[in-house]
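The values are calculated or read from the model by the stated rules, or taken from the named source; none is laboratory data. Model, not experiment: these values are computed from the prediction. Positions of Cβ are backbone-derived with ideal geometry, glycine not excepted, and every protein chain shown enters the neighbour counts. These accessible areas exclude ligands, DNA and RNA; they are computed on the full protein's heavy atoms, side chains included. Shrake-Rupley method; radii C 1.70, N 1.55, O 1.52, S 1.80 Å.
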Amino acid sequence: MSIALFRIDDRLIHGQVVVGWGQPLDCTFIVLVDDEVRESDWEQDLYRMGVPPHIEIIFASVKEAAERLPGWEADARIGILLVPDIDTAVALVAKTDRVKRLNVGGIHHRAGRTERLRFVYLTDDERAKLRQLAAGGVDVTAQDVPTARAIPLGEFA
Amino acid sequence: MSEPLRGVIVSHAAIAQALVSAVTVITGIDGALVPISNEGCDNDALGERLRQAVGERPAVLFVDLPGGSCLTNSIRYAKQHADIAVVTGVNLAMLLDFVFNRGIPPAEAARRAVEAGAKAIRVTAA
């Protein structure tokens, strides 16, 4: 399995991903799935600055990610796939049946969201979407770093 | 330059606040540096913290790591505002130099801070 982690994280590429997960997983590529970042050269440059040279970053739209996922899964290297929010995760799952598990790694506070965990804040609509993903067969857990417990969906949404 | 530069430290957890406290204890200079933590922030929230800390004044943003959300949001902010310079790898030595040399343009202050910070990193005799 070469995509070792499918993660929702509104900070996308940051320390917890690159160091916290990347080092123990021995990750050497990160797929960043975000339609807006895919269209912005300077945003891509920004995210490239945050990773060491041995890690490749692949920028993909949701559509591209669904199409290329089989190739990434067949890759001999170990990778992490990131999406910025629940809507993007839902859109990806709608286009491919290859996402079997989803790590909720960081969804932070903003208006309308309530705290579910220290690093997970959700609106009622977002909670419903996560439950819908789980009902569709995706194993959804929350875990910010590998040393923490993977919290089952039923405990936070 | 009519108004001295502001330094804004952007860090994970409480590093920024600790650095500001250390600079104040050592120099007695208060108000030259503003701490920002990325704790509990998504990108929009961290951008808002930067906006509140910097305002429209010229400033140098001192970031803890050369990657991650503190850096990406600082560069994003600098791209959208004039007279903002960004330095990574903040340390106490560069901040001590900075607070005494704030009457220069942000880019020059940033270069000076990097030199001061780099000089402080060394292997000493055991």
Fill in the blank from the handout: Everything considered on the Cα gyration tensor (a ≥ b ≥ c; rounded for a/c under 1.5, else prolate if a/b is larger than b/c, else oblate), chain A must be described as rounded
Handout entry: Probe 1.4 Å, all protein chains present, accessible-area order of A:SER2, B:SER37, largest first
Key = B:SER37, A:SER2
Practice task
Return a whole-number percent for the relative contact order of chain B, with Cα pairs under 8 Å and 6 or more residues apart as the contact set.
Solution key: 28
Problem - Neighbour net charge for A:GLY105 - beta-carbon separation under 14 angstrom, K R +1, D E -1 - result: +1
Handout entry: Sum of -39500 (n - 2.57) over DSSP H runs of 4+, divided by residues of chain B (222 nm, nearest 500)
Key = -14500 deg cm²/dmol
Exercise for the section: For segment A:123-140, just list the computed ³J(HN,Hα) in residue order, Karplus coefficients 6.51, -1.76 and 1.60, θ = phi - 60°, integers in Hz, with x standing in for Gly and Pro. Expected result: 7, 4, 5, 5, 4, 4, 5, 5, 5, 5, 4, 5, 4, x, x, 8, 7, 9
Practice task
Rounded to whole Å and sorted largest first, list the principal axis extents of the Cα atoms in segment A:1-89.
Solution key: 29, 27, 22
Problem - A:ASP75/B:ARG57 FRET efficiency (R0 51 Å; Cβ-Cβ; nearest 0.05) - result: 0.60
Problem - Rounded to the nearest 10 Å², the accessible area of B:TYR77 at probe 1.4 Å - result: 10
Fill in the blank from the handout: Using alpha carbon centers only, segment A:99-156 is separated from segment A:1-61 by a whole-angstrom value of 19
Exercise for the section: Kindly sort A:MET49, B:MET94 by accessible area of their heavy atoms, largest first, with the probe set to 1.4 Å. Expected result: A:MET49, B:MET94
Handout entry: Area of A:PHE6 that stays accessible when all protein chains are in place (1.4 Å probe, Å², to 10)
Key = 10
Exercise for the section: Please list A:142-150, B:61-69 highest first by mean number of surrounding beta-carbon atoms within 10 Å per residue. Expected result: B:61-69, A:142-150
Handout entry: Probe 1.4 Å, protein heavy atoms only - accessible area per residue of chain B in square angstrom
Key = 48
Completion exercise
GluC sites (Glu not before Pro) in segment B:15-75 lying in a DSSP loop, each with at most 10 other Cβ atoms within 10 Å of its Cβ, come to B:GLU56
Practice task
For B:LYS79, A:LYS129, give the ranking by accessible area with the largest first, probe 1.4 Å.
Solution key: B:LYS79, A:LYS129
Completion exercise
In this structure, the FRET efficiency calculated for A:ASP85 and B:ILE104 from their beta-carbon separation, with R0 = 30 Å, to the nearest 0.05, is 0.15
